[in-house]
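Read through the structure below, which is laid out as structure tokens, and then see the notes.
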Amino acid sequence: MNTSKGKSLEEILAMLASTQNIDERVELMEALAKFRNRRAAQPLIEALQDDNPRIRSIAVYSLVKMRNKQVVEPLLISLKNPESVNIYRVISDLGRLGDVRSIEPLAELLNHPDKTVRVLTTQAIGRVKDEKAFPYLLEALGHSDTRVWEAAQTALVRWGERVVEPLIEALKSDNLRLRSKAASTLTSIYGKIGYEHGKRVVEPLIEALKGSDTDVQIAVVSALGWFGDARAVEPLIAMLKDPDENVRQWVIGSLGSLGPTASPAIEPLIEVLSDHTNSSETRAAAVRSLGEIALNKKLNPQPIFEAFSEPDDELRLAAAWFLSKYDPSYSPAIDYLLETLSNPNSHTLDLFWAVDAIGELPAVIDRSIEPLIKLLNWPNAYLRIGTTQALGKLGDARALPALEQLLQHEDEKEVIEKVREAIDKIQHHQHQD
């Protein structure tokens, strides 16, 4: 049956008024949705009271498709009788309509026993473009269900700076999970609009470190690293004494993210490196952060040389990475990095650091070009990106065939973009020569 195909609105309305055939009515009512005006909506609104449930259902469907708000009340009534309707569909329809009247009725379902209901409800509330949704999205942000808080976070990030103040208040919540997710949500918001615009959240984040559990501390410490504000340096240095080693490692990483701004942390980080009661992982993290902070500053490199002489592979690699940047002529460090690149059993993270260092060393291009080209086929997309960028910096034409081949079969958009950039850099370098 294709009764409505090619018909005008007037023809469809006339046909609908003249038939009682259920199948024909369903098709014609569905066809009305494409017109999205009052005349098309009127018979659909009237059909909401029809005795036939199939007719009522298609009326709701078409009105939702038209974004007609007169269907909101019938949908809200349906929420109160979930046994008689497809509650997933009703919640999703309310989300598509985005009407403020649906916020509170939907909020009653945030703790529904059905996980899918909880997630769909959070998503639906998140689609209502009204600040009345904020308290309920914050409630969902502190939920123990991962999919629920992720849906809430996605919605809050879309609001941008308009939701910053409620999130700052959430940093003080008794719900520690909410505190943690509020910190990570603030990070995501300013990751989109620029961390330099987030100065007002730094002090509240620092305050949130007090009296918090490990998860909150890690979320806040991570956020402070991204915002790059000097006010975070001293509180982070103080946390290098935290009893939880996992927290200390996050603190070390965030100090490194702050770069030269964190220069007061140089001596405390050297102390971390020199303290052999710390794990090799923690000490290696200290070396890497010292590299981010102190390479352009006067620094006694002796502790780094000593770390390079130790047997632990992770610590040696971190020290080799630092020393290759500190002194590009120091061949033992360069040899170790090249061995890491060429070792098929190297871990992906180790290869990241080796690639990062070797990409700054054109003097060893004859030794590094082949292992770098091989890494273009590594399964990890981020390592392919790092390798592509390193080859672009080095500017050697021997990499062009492999990069062009990668361009033909690569699926990841970001990798493709970086490959093109690298090819352009190498070709530009060749023209200059």
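In the set (1) part of a loop (DSSP other than H, G, I, E, B); (2) touching a residue at least 24 places away in the same chain (Cβ under 8 Å), GLN217 fails one condition alone, (1).
Taking first residues from the range 269-286 that are under 15 Å from ILE237 (Cα atoms) and partners that are assigned to a helix (DSSP H, G or I) and of a type in the set (D, E, K, R), the Cβ contacts under 7 Å between residues at least 6 apart in sequence or on separate chains come to VAL272/ARG283; LEU273/ARG283; THR282/GLU245; THR282/ARG248. The residues on offer are TYR195, TYR190, and the sole one that is at pLDDT below 95 and of a type in the set (Ser, Thr, Tyr) is TYR195. Within the range 275-297, the residues that satisfy the criterion of being in a helix (DSSP H, G or I), farther than 14 Å from GLU310 by Cα and not acidic (Asp, Glu) are THR282, ALA285, ALA286, ARG288, SER289, LEU290, GLY291, ILE293, ALA294. The selection criterion, being in a helix (DSSP H, G or I) and without any contact (Cβ under 8 Å) to a residue 24 or more places away in the chain, does not hold for ARG398. Of all residues in the range 386-420, those satisfying the criterion of being farther than 18 Å from PRO362 by Cβ and acidic (Asp, Glu) are GLU404, GLU410, ASP411, GLU412, GLU414, GLU417. Of all residues in the range 256-274, exactly one satisfies the criterion of being in contact with a Gly (Cβ under 8 Å, 6 or more places away or on another chain) and within 9 Å of LEU290 (Cβ to Cβ), namely GLY256. Only a single criterion out of (1) β-branched (Val, Ile, Thr); (2) over 29 Å from the mean Cα position of the chain (by Cα); (3) crowded, with 17+ Cβ neighbours inside 10 Å is not satisfied by ILE293, namely (2).
Taken over the range 382-407, the criterion of being closer than 17 Å to PRO344 by Cα and either surrounded by fewer than 18 Cβ atoms within 10 Å (Cβ to Cβ) or among the aliphatic types (A, V, I, L, M) (or both) is satisfied by LEU383 alone.
Scanning the range 14-44 for residues that are surrounded by fewer than 13 Cβ atoms within 10 Å (Cβ to Cβ), among the charged types (D, E, K, R) and closer than 14 Å to ILE55 by Cβ gives a single hit, ASP23.
Reported count of residues in the range 365-377, each being in contact with a Leu (Cβ under 7 Å, 6 or more places away or on another chain) and either part of a helix (DSSP H, G or I) or without any contact (Cβ under 8 Å) to a residue 24 or more places away in the chain (or both), is 6. Only one of the listed residues (PRO362, PRO328) is in contact (Cβ under 8 Å) with a residue 12 or more places away in the chain, surrounded by fewer than 20 Cβ atoms within 10 Å (Cβ to Cβ), of a type outside the set (A, V, I, L, M, F, W, C) and in contact with a helix residue (DSSP H, G or I) (Cβ under 6 Å, 6 or more places away or on another chain). That residue is PRO362.
For the structure I just gave you, tell me whether ILE55 is aliphatic (A, V, I, L, M), crowded, with 17+ Cβ neighbours inside 10 Å and under 29 Å from ASN21 (Cα atoms).
Working: aliphatic (A, V, I, L, M): yes; crowded, with 17+ Cβ neighbours inside 10 Å: yes; under 29 Å from ASN21 (Cα atoms): yes.
The answer is yes for ILE55.
Considered as a group, the residues in the range 159-192 that are among the charged types (D, E, K, R) and crowded, with 20+ Cβ neighbours inside 10 Å include one that is farthest from VAL148 (Cα to Cα), and that residue is ARG179.
Hey, does the range 263-278 have a residue that's over 30 Å from ASP229 (Cβ atoms) and within 30 Å of the chain's Cα centre (by Cα)? No.
Among the conditions (1) more than 28 Å from the chain's Cα centre (by Cα); (2) farther than 16 Å from ALA357 by Cα; (3) modelled with pLDDT of 95 or more; (4) surrounded by fewer than 15 Cβ atoms within 10 Å (Cβ to Cβ), the only one that GLN430 does not satisfy is (3).
The values are calculated or read from the model by the stated rules, or taken from the named source; none is laboratory data. Keep in mind it's a predicted model, so treat the numbers as computed, not measured. Backbone-built Cβ (ideal geometry, glycine too); neighbour counts: all protein chains shown.
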